[in-house]
Amino acid sequence: MYQLVVLITVLFLSACSSSVETANSELSRRQTIPADWFNTGQLAGGENKLSAEPLISIPKALQHILKQAQLDNLTIKMALARLQISQATKQSAQATALPQLDAVLGSSREQFIWADEKGVQSQYSTNFRASWELDLWQKLANTRAATQAELTASEFDLAAAKQSVMGQVLLRYLDIQQGNELVYWSKQNLARQQRRVKMTAQRLDSGLSSTQDYRLALNSLHTIEADLNQQKLSLNLAKQRFNLLVGRYPSTPIASTNLEIGLPTLIKVISPNKVLAQRPDLLVAEFRLMSAYYQSKAADKGHLPDINLSANLQVNRADFSQLFDWQYWLANLTANLVQPLFSNGAIDARIKQQHARQDLALAQYQQSLLTAWQEIEQALYTEKLQRQRFIALKNAYTQIDNAEKRTLANYHNGLASSFELLNIQTRRIAAKVNLIRSRFAILSNRVNLILALGEPFPISSEIL
């Protein structure tokens, strides 16, 4: 007994002398962020919360599509598979907290020689074994904490995938709506121009217009036709991308593509602390940093000994019926202390590896923070300027539309040339296209702002 105590003491002291100091994993560096984000010159004394109104109004028919996209989208299915892997990994790690129990039933048949005679002997055995590793140094506890943090990260990763897919579906739906409007107005312009070509032909026959006027009118007509075909191509591409996002065949017909999404109200003030607490990708990076921290702590204890306890209850008999007689059963208890003495640098390499992974996770978390701040500030700044641009374009279109009507009347009366009419017509078409694109740019930017804030999309609880 004395020799065993001396041996354990020597092994423990050698472990302490070879242990590596645990790195300080507290995050001392802090990101400098504003107390609040204000939009449109809002004073700092304003209300520190988002408006009670939804950040964007989503028609119910589109909400059903968004719900279906969460079931059929492949990106979400991959995130769900990663979550299931993390759940299994955590379950496997949690099993180390309890003893392992095994039962073995064996049978053997072997030859032997006795008095120069060869014989055959049968042997039957039963063994019940319990083993348990004592976690005195908390290595297993650190590993379990790491798997729990990774599981939480995977849960937020799934939430981030769902949020991202919903945002992409909305953006593609807005592309479809924009394409529909552009096609509609191109058809209106085409009908207008067809009437003008017919009118110019009549004026040509009457000697009131030249051949050049007629050719310019035809040129404008064919240009509008070309633009219409291009817009139809863009619309078809937007529909295919939309179908792919919701897990459908690219050419599947899409119902209800004319649902109106109105311009949302302007956001006044946003709290960064709320973003930190709810944006899924930030929470993923945070919990993966936590997982790396616990893995690093477990690796730091690699030079410490492992202590294992085991208990066996077994019987070996030539007569099978004696296996059920408890007087033949034998028990033993074993305690093992396994101290690493030479690993050819493998333990130190693992320590360096886990520390490097922790540094990587920290850098990724900081990068995620900076990216989030940039996305939010850019979306807020863009929304402010896009609204100003929309108002300016709306006023510009009103003026050019009135000017075109006046020029057309003058052209009928011979007071304006075909060049003047063609020029103002081209400007009016460009102004309308810019106005349509500007409106949908505001809506698309609002979707990006919702994603940047980590706010949930307003989906009715009845649909969810």
Unique match (being open to solvent by less than 50 Å² (accessible area, probe 1.4 Å), of a type in the set (A, V, I, L, M, F, W, C) and part of a helix (DSSP H, G or I)) among 360, 370, 304, 323: 323
Number of the exception - residue 184 against (1) surrounded by fewer than 20 Cβ atoms within 10 Å (Cβ to Cβ); (2) in contact (Cβ under 8 Å) with a residue 24 or more places away in the chain: (2)
Residue 457, sole failed condition from (1) open to solvent by 20 Å² or more (accessible area, probe 1.4 Å); (2) not in a helix (DSSP H, G or I): (1)
Any hit, region 239-260, residues being modelled with pLDDT under 85 and touching a strand residue (DSSP E or B) at 6+ places or on another chain (Cβ under 6 Å): no
Residue in region 398-417 that is of a type in the set (Val, Ile, Thr), in contact (Cβ under 8 Å) with a residue 24 or more places away in the chain and open to solvent by 40 Å² or more (accessible area, probe 1.4 Å) present: no
Test result for residue 88, open to solvent by less than 60 Å² (accessible area, probe 1.4 Å), at pLDDT 90 or above and closer than 22 Å to residue 308 by Cα: no
Flag if residue 444 is under 23 Å from residue 54 (Cα atoms), open to solvent by 20 Å² or more (accessible area, probe 1.4 Å) and in a helix (DSSP H, G or I): yes
Residue match in region 156-172 (condition: without any contact (Cβ under 8 Å) to a residue 60 or more places away in the chain and open to solvent by 40 Å² or more (accessible area, probe 1.4 Å)): no
The lone exception for residue 331 - which of (1) closer than 18 Å to residue 144 by Cα; (2) assigned to a strand (DSSP E or B); (3) not polar (S, T, N, Q) it fails: (1)
Scope region 237-258; condition open to solvent by less than 80 Å² (accessible area, probe 1.4 Å), part of a helix (DSSP H, G or I) and out of contact with any helix residue (DSSP H, G or I) (no Cβ under 7 Å at 6 or more places or on another chain); matching residues: 237, 240, 243
Hits in region 348-372 (condition: touching a Ser or Thr at 6+ places or on another chain (Cβ under 9 Å) and of a type in the set (Val, Ile, Thr)): 351
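The values are calculated or read from the model by the stated rules, or taken from the named source; none is laboratory data. Keep in mind that this is a model prediction, so the values were computed, not measured. Positions of Cβ are generated from backbone atoms using ideal geometry, with glycine treated the same way; all protein chains shown enter the neighbour counts. We work out accessible area using only protein heavy atoms, side chains counted, and drop any ligands, DNA or RNA first. Shrake-Rupley method; radii C 1.70, N 1.55, O 1.52, S 1.80 Å.
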